[in-house]
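Following: one structure in structure tokens, then a few remarks.
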Amino acid sequence: MAASSTAAPEAMQHLPEVEETEAELINAQVDDLILKADDLEKKVIEVVNFYEKKQGGVNAKGTSVPIKDKASGASHSTNAVNNGASTSNNKQPAEGAHKDAACSKRMQDLMRQFGNMLRQITTHKWAWPFMQPVDVEGLDLHDYYEIIKKPMDIGTIQNRMEGKDEVNRYKNVREIYADVRLVFKNAMRYNDETNDVHVMAKTLLEKFEEKWLQLLPKVIEEETRQKEEEALVSANIMIAQEASISRLARETDNELCELSLRLKELRQMAIESCRKMTSEEKRKLGTGLSNLSPEDLNKALEIIAQDNPNFQYTAEEVDLDMDAQSELTLWRLKFFVREAHERQTRNNNNNNNSATKGDDPSKRKKEICDALAKSAKKRGKKQSP
């Protein structure tokens, strides 16, 4: 994607002989293509991140996914996926509501059964010390909070079960079970084994555990059922998201094809807008190419190949017909050669060991042939299936 967004402006920079109004039109279209390419890049990253996350890998940006570079585009593509998943999930709202209602009803039934079990404990003749919070000040229990880190009593538990304490309301019966045990465990921890309160708490805890074992199979059954339903919901959400991502991928592919077509049309417009290069300019360009360093010559040949897929060159000789090249290619070469020569001049001034005009011609020819061979090998790899 990044290459696509920079290819257009690079080409447009080399159009000095275009009418001003035409240049403005081309530049405006180039800017539009760059914005479009950036948006498509975000969508591609969105698709890649989804599938890498699904496979348990690291996302393309190395982030946990919200893609925050250029947030507006990232938010747009993310919203597209979320909206797609939401639309898919809303196809069966009645079924989802029915499942939630059934689950809530089953949990309420378990809560009711637990409440009945708890009432059997609270009606025991030894339950009265545990019905209210411990009166720490009244009983002068100065070390109580040093020993008991989480006080609890049955009255508080009942209030939470009845919804009187909305903040600490119980979500399931296991939470209630843990607090009831805590009531008796606190009493046994603070009081010695010979203390009446310790004996009373131990007795009630044993009775409570017996009754809990009778209810436990139903609790486990409900927990298992809830996990299965949650897994099903998660699977459905993943399916919906994957469908949305697939749709986004298809749309992005179509937009990429459209962007590529627009780029080709813009390149053709740029070619038609260019002033024709004169024969003298082409001759000077050819001379400039022959004076390039091996590395720069490779780059120049790549510029020619970009605009002419049929262009072939070997390690020994390159037959370059300047008249056969498009105006766009010629102008790009002209500017590239000028910049390369300027760079070589600067390097020569800064480095006394640089190549001079007195270099051995045979040595330079060998360097160029080696460079051509390297380019030919690289191009052969790109064209191989």
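The values are calculated or read from the model by the stated rules, or taken from the named source; none is laboratory data. Fair warning: this is a prediction, and the values are worked out from it, not measured in the lab. Every residue, glycine as well, gets a Cβ built from its backbone with ideal geometry; the counts of neighbours run over all protein chains shown. What goes into the accessible areas is simple: the full protein's heavy atoms, side chains included, and nothing from ligands, DNA or RNA. Shrake-Rupley method; radii C 1.70, N 1.55, O 1.52, S 1.80 Å.
Some notes on this structure:
- Residues located in the stretch 243-286, provided they are of a type in the set (A, V, I, L, M) and within 25 Å of the chain's Cα centre (by Cα): Ala243, Ile245, Leu248, Ala249, Leu256, Leu259
- For beta carbons closer than 9 Å, sequence separation of 6+ or different chains, a first residue in the stretch 248-263 that is farther than 19 Å from Ala28 by Cβ and a second that is buried (at least 17 other Cβ atoms within 10 Å of the Cβ) and of a type in the set (Phe, Trp, Tyr), the qualifying pairs are Leu248/Phe50.
- Residue list for the stretch 185-244, restricted to those being among the hydroxyl-bearing types (Ser, Thr, Tyr) and within 30 Å of Tyr51 (Cβ to Cβ): Ser234, Ser244
- Condition met for Arg169 (basic (Lys, Arg), in contact with a helix residue (DSSP H, G or I) (Cβ under 8 Å, 6 or more places away or on another chain) and within 30 Å of Lys54 (Cβ to Cβ)): no
- Just one of the listed residues (Glu222, Glu255, Glu251) is open to solvent by less than 50 Å² (accessible area, probe 1.4 Å), in a helix (DSSP H, G or I), acidic (Asp, Glu) and under 28 Å from Ala37 (Cα atoms), and it is Glu255.
- Residue match in the stretch 185-193 (condition: in contact (Cβ under 8 Å) with a residue 60 or more places away in the chain and either part of a helix (DSSP H, G or I) or not aromatic (Phe, Trp, Tyr) (or both)): no
- For the stretch 365-381, the criterion of being at pLDDT 85 or above and open to solvent by less than 70 Å² (accessible area, probe 1.4 Å) is satisfied by no residue at all.
- Any chance Glu272 is part of a helix (DSSP H, G or I), free of Cβ contacts under 8 Å to residues at least 40 places away in the same chain and acidic (Asp, Glu): yes
- If you go through the stretch 118-171 and pick out every residue that is part of a loop (DSSP other than H, G, I, E, B), of a type in the set (Ser, Thr, Tyr) and either open to solvent by 100 Å² or more (accessible area, probe 1.4 Å) or under 18 Å from Lys202 (Cα atoms) (or both), you end up with 1.
- Some residue of the stretch 232-243 being charged (D, E, K, R) and open to solvent by 80 Å² or more (accessible area, probe 1.4 Å): no
- Boolean, Leu204 is under 25 Å from the mean Cα position of the chain (by Cα) and modelled with pLDDT of 85 or more: no
- Beta carbons closer than 6 Å, at least 6 apart along the sequence or on distinct chains, never pair a first residue in the stretch 156-180 that is farther than 16 Å from Ser104 by Cα and aliphatic (A, V, I, L, M) with a second that is open to solvent by 70 Å² or more (accessible area, probe 1.4 Å) and part of a helix (DSSP H, G or I).
- Qualifying residue in the stretch 206-217 (condition: surrounded by 13 or more Cβ atoms within 10 Å (Cβ to Cβ), closer than 30 Å to Gln29 by Cβ and out of contact with any strand residue (DSSP E or B) (no Cβ under 9 Å at 6 or more places or on another chain)): no
- When every residue of the stretch 289-305 is checked against the conditions, none turns out to be at pLDDT 80 or above, touching a His at 6+ places or on another chain (Cβ under 7 Å), of a type outside the set (A, V, I, L, M) and assigned to a helix (DSSP H, G or I).
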